[in-house]
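The values are calculated or read from the model by the stated rules, or taken from the named source; none is laboratory data. Just so we're clear, the structure is a prediction, and the values are computed from it rather than from any experiment. Note that we place each Cβ from the backbone using ideal geometry, even for glycine, and neighbour counts take in every protein chain shown.
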Amino acid sequence: MLTIHGVPLSVHTRKAIVTAILKKIDYTFEVVIPVMPGNPPANWGTLSPTGLIPVMQDGDFTLADSTAICLYLERKQPAPPILPADIRDYARVLWFDAYAGGTIFRDVVDPLFAQTIVGPNIRDVPTDKAVVNDVLTNVQPKILGYLEQQSTGNFLVGDAMTLADIAITSNFIVYQYLGFEIDAARYPNLAKYLRGIVATAPFQKTLPDERPFVDQMGLQRDFLSLD
């Protein structure tokens, strides 16, 4: 059986898990909590050459990187597809996946998580409010504004959930866990779109398993409406 190693609240781990659930691929999940404070298991360097999560093992095959894992799962179980057949839609899905990891995560979610959770709770370093304010004031509006223009339907590309939706929404779940909100008055399309994706069966199946970790870390989950 396929095994996914990672941290339950991780944007990238969730991306792989939701993809597996969407495709009805049986998997087991191995929590790698020591990765968070930078103290990975003894064999982690073998499993993950970069030291990052998630990692997937399928029999004797090991693969790191969430996008690579999702593309592997796409070939392993083609239906339902997370990549469209149309060449332009295919390219747009890959673009949104790259934008999710290379812009949203790098410039918004990761620094906010580092400042509000990792620093004060794990490394005993106070939150740098100037960093948080810079992200919220100078970085975030451009990103949310762009996504507001793109999220005019139920899905970012086509008429079914794709890797684009999984990657983008996974980032904003963590963003909202941290207590930050999508201003529905300013970004109505984006707010509605994210609510719709969170309500889909694969996310609804994934998110309850994260609750113990959310509660343990004192994060927000009111936006999920799962109870």
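Of the helices (runs of 4 or more DSSP H) that lie entirely inside segment 90-202, those containing 1 or more residues that are touching a residue at least 12 places away in the same chain (Cβ under 8 Å) and either under 24 Å from residue 16 (Cα atoms) or hydroxyl-bearing (Ser, Thr, Tyr) (or both) span 110-113, 140-150, 163-177, 188-198.
Selection within segment 27-50: residues that are surrounded by 13 or more Cβ atoms within 10 Å (Cβ to Cβ) and assigned to a loop (DSSP other than H, G, I, E, B). The member of this set that is modelled with the lowest pLDDT is 36.
Here's the yes/no breakdown for (1) under 15 Å from the mean Cα position of the chain (by Cα); (2) part of a helix (DSSP H, G or I); (3) more than 22 Å from residue 160 (Cβ to Cβ):
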position: 18; (1), (2), (3): yes, yes, no
position: 53; (1), (2), (3): yes, no, yes
position: 56; (1), (2), (3): no, no, yes
position: 80; (1), (2), (3): no, no, no
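Just one of (1) closer than 16 Å to residue 173 by Cα; (2) of a type in the set (Val, Ile, Thr); (3) touching a Leu at 6+ places or on another chain (Cβ under 7 Å) fails for residue 93. It is (1).
Scan segment 5-19 and tell me whether some residue there is surrounded by fewer than 17 Cβ atoms within 10 Å (Cβ to Cβ), in contact with a strand residue (DSSP E or B) (Cβ under 6 Å, 6 or more places away or on another chain) and not assigned by TED's automatic domain parsing to the domain that holds residue 164. The answer is no, given that none of the residues of segment 5-19 is surrounded by fewer than 17 Cβ atoms within 10 Å (Cβ to Cβ), in contact with a strand residue (DSSP E or B) (Cβ under 6 Å, 6 or more places away or on another chain) and not assigned by TED's automatic domain parsing to the domain that holds residue 164.
Please find, among 67, 62, 13, the residue that is more than 20 Å from residue 167 (Cα to Cα) and either over 19 Å from the mean Cα position of the chain (by Cα) or at pLDDT 95 or above (or both).
Values: 67 fails: more than 20 Å from residue 167 (Cα to Cα); 13 fails: more than 20 Å from residue 167 (Cα to Cα).
Only one candidate passes the filter, namely 62.
Every condition in (1) among the basic types (Lys, Arg); (2) without any contact (Cβ under 8 Å) to a residue 12 or more places away in the chain; (3) surrounded by 12 or more Cβ atoms within 10 Å (Cβ to Cβ) is met by residue 76 except one, and the failing one is (2). Restricting attention to segment 79-128, and to residues there that are at pLDDT below 95 and of a type in the set (Val, Ile, Thr), which single residue is surrounded by the most Cβ atoms within 10 Å (Cβ to Cβ)? Checking each candidate, the answer is 117.
Do we find that residue 140 is modelled with pLDDT of 95 or more, buried (at least 16 other Cβ atoms within 10 Å of the Cβ) and not assigned by TED's automatic domain parsing to the domain that holds residue 20 in this structure?
Numbers: modelled with pLDDT of 95 or more: yes; buried (at least 16 other Cβ atoms within 10 Å of the Cβ): yes; not assigned by TED's automatic domain parsing to the domain that holds residue 20: yes.
Answer is yes for this residue.
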